[in-house]
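One structure is given below, encoded as structure tokens.
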């Protein structure tokens, strides 16, 4: 995270958040047999890795002690399918 104060009324905060995920999964159902010897039947099994990287920036301008405006932007990128979005946020 970088925090920079340009002047008494202008400030910017920017940074990057990285989340790494490792997943092991199995999907199964119970199989009921007429002889009451029930067992689990595996449907699918897998594992994988993905990373969510989120860059963000926040700029704030103070007009007075009680009045200010903020502009925020976030840019998440999810490596599973290379999905990305830009999220402008204001306050």
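Every read-out reported here was derived from the displayed coordinates using simple, explicitly stated rules and does not represent laboratory data. Not measured: the values here are computed from a predicted model. So basically every Cβ, Gly included, is an ideal-geometry build from the backbone, and we count neighbours across all protein chains shown.
Measuring from the lowest to the highest alpha carbon on each principal axis, how far does the chain reach, largest first, in angstroms?
Principal axes ranked by extent give 79, 25, 18 Å for the Cα atoms.
Which FRET efficiency value, to the nearest 0.05, is calculated for residue 85 and residue 60 with the Förster distance at 22 angstrom and r the Cβ-Cβ distance?
The pair residue 85/residue 60 has a calculated efficiency of 0.45.
Extension gain residue 75-residue 23, at 0.36 nm per residue separation less the Cα-Cα distance, in nm?
Separation in residues times 0.36 nm, less the Cα-Cα distance, equals 16.3 nm.
Using the basic label-point model (7 angstrom from Cα toward the beta carbon), what is the residue 45 to residue 6 distance in nanometres?
5.7 nm
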